[in-house]
Every structure is written in C-alpha cells, then in structure tokens.
1. Only Cα pairs under 8 Å and at least 6 apart count here; give the relative contact order of chain B as a rounded whole percent.
2. Between copies, how far apart are the A:Ser24 label points? List them in nm, one decimal, shortest first, with each point 7 Å from Cα toward Cβ, please?
3. Treating the Cα atoms of chain A as identical point scatterers in vacuum, please give the log10 of the normalised Debye intensity I(q)/I(0) at q = 0.20, 0.23 Å⁻¹, two decimals.
4. Report the residues of the stretch B:10-41 in range of a label on B:Glu57: point 7 Å along Cα→C-beta, backbone N strictly under 17 Å from it.
5. Report the semi-axes of the equivalent ellipsoid for the protein assembly as shown in whole Å, largest first, where each axis is √(5λ) for an eigenvalue λ of the Cα gyration tensor.
6. Have a look at the DSSP beta bridges in chain A and tell me what percent are antiparallel, nearest 5.
7. Can you work out the Karplus-derived ³J(HN,Hα) for every residue in the stretch A:33-49? Use 6.51 cos²θ - 1.76 cosθ + 1.60 with θ = phi - 60°, whole Hz, and x for glycine or proline.
8. List the distances, in nm and shortest first, from the label point of A:Ser64 to the matching label points in every other copy, placing each point 7 Å from Cα along the Cα-to-Cβ direction.
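FYI, it's all coordinate maths here, none of it is from the lab. As the structure is a computational prediction, the values presented were derived from the model and not from experiment. Positions of Cβ are backbone-derived with ideal geometry, glycine not excepted, and every protein chain shown enters the neighbour counts.
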Number of protein chains: 2
Amino acid sequence: MYGLIGAIRATAGDRDTLMAALASRSVGMPGNEVYLIAADANDPDLVWVTESWRSREAHQASLSLPAVREAIARARPVIAGFDSQVETVPLPAPETPGTQRI
Amino acid sequence: MYGLIGAIRATAGDRDTLMAALASRSVGMPGNEVYLIAADANDPDLVWVTESWRSREAHQASLSLPAVREAIARARPVIAGFDSQVETVPLPAPETPGTQRI
C-alpha cells in the first residue's frame, strides 16, 4: 500500500475553488482506495488531502490520466504552496460488502 | 461533515500493536465515511489516522460503542503521545455504486 497526507495552502479566498478542482480528479482512479479532501477547520486557506493507494505505481499512473491532469491544471493557479506532505503506508480499507474494487 | 487528522506516537517498537488496536475499532461505526490508519513511511513510531464523519455527533457517539471503548483501552498502553491533531471539514465521499451507508 502507498499513501500521502498533504496540507495544501490555497491563495487567499480561493479554497473552495481549489477543493472543487481536487474533487474533480478523485473519481474512478484505478488502485485508489481513499482520496479524502478536507478543509482545515481553523485555517481558512488550508486544504488537507489524504490518499490511500494499493501501490506507489497506481498513484504514479494516476498522474497521467486526462481527468487528473485537467484537475491539476485547474488547481495550480489557486495553490499558494504546500505546508506539509508525508508519505505513509496505509492499512487496506476493510472490505465493504457490496463494493467492487476497480 | 466532521473530520480529524491525527499523528499518534507509539511507544518504541509497538506501532504494529497500536495500529492493530486502532483497526479493531474501525468497522461498523454509524456515520463514519473514512477511518484510515497509516504508518508514517519515515518515522517508525508514528501512526496517522484520518477520519471523516457525517457529523461531529456521529463521531462523539462512536466513542461510547463497546468495540470502540475496547479498542481505545487496548491502544492506550502503547501510545506515547499525540504529535498533532487537526479538525477538518471533509468533502463527502463520492457515492460508491453498490454501497449502502449505515
């Protein structure tokens, strides 16, 4: 498994735009188990993204998907910087009855 | 929505025990959308827990579930401290076809 937890700083007042751009990439990425986008509850410009992938390669491959490239292009103008980013090794998501892994 | 991202420091050499204890709480918590447990890839004692709940109340209610109380009791002896914890407002998980929310 391969994971990331990043704190992305939006340009002032543009957090919603950034989150919408990030959300547009998060559906249908093969090998992805979690792509959670969350606003910091106390810092108005900070967005947290928690990712869990079945492999580093699956994450790497996602970066060349057209939808992901478009989302990154939409996000870039409203990113002021990256406050932090850590690599992790997540536990696999518990099997959810009735779901099929893509 | 209500979320948490926490960095929990295990007592030296006990990270696997801590992660197993945390994992034992993570199944079947009403109102929970994400409970991701991940080992820091570079710090051998650090565990990251990312949580997403449909409400603060759902999270609060989970703390009185027997399985959660047991898990916390199992985890407590191998917790050395909390490096950080932030509250977040996550985006809801995109509808996953074929899953039923509890």
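1. RCO, chain B: 45 percent.
2. Label-point separations across copies, in nm and ascending: 4.6.
3. Values returned for q = 0.20, 0.23 Å⁻¹ are -1.04, -1.27.
4. Residues B:30-33 fall inside that zone.
5. Equivalent ellipsoid of the protein assembly as shown: 27, 19, 18 Å, largest first.
6. Approximately 100 percent, going by the DSSP bridge assignments.
7. Once rounded to whole Hz, the list reads 9, 9, 9, 9, 9, 9, 7, 5, 6, 10, 10, x, 10, 9, 10, 9, 10.
8. With the label placed 7 Å along Cα→Cβ, A:Ser64 yields 5.4 nm.
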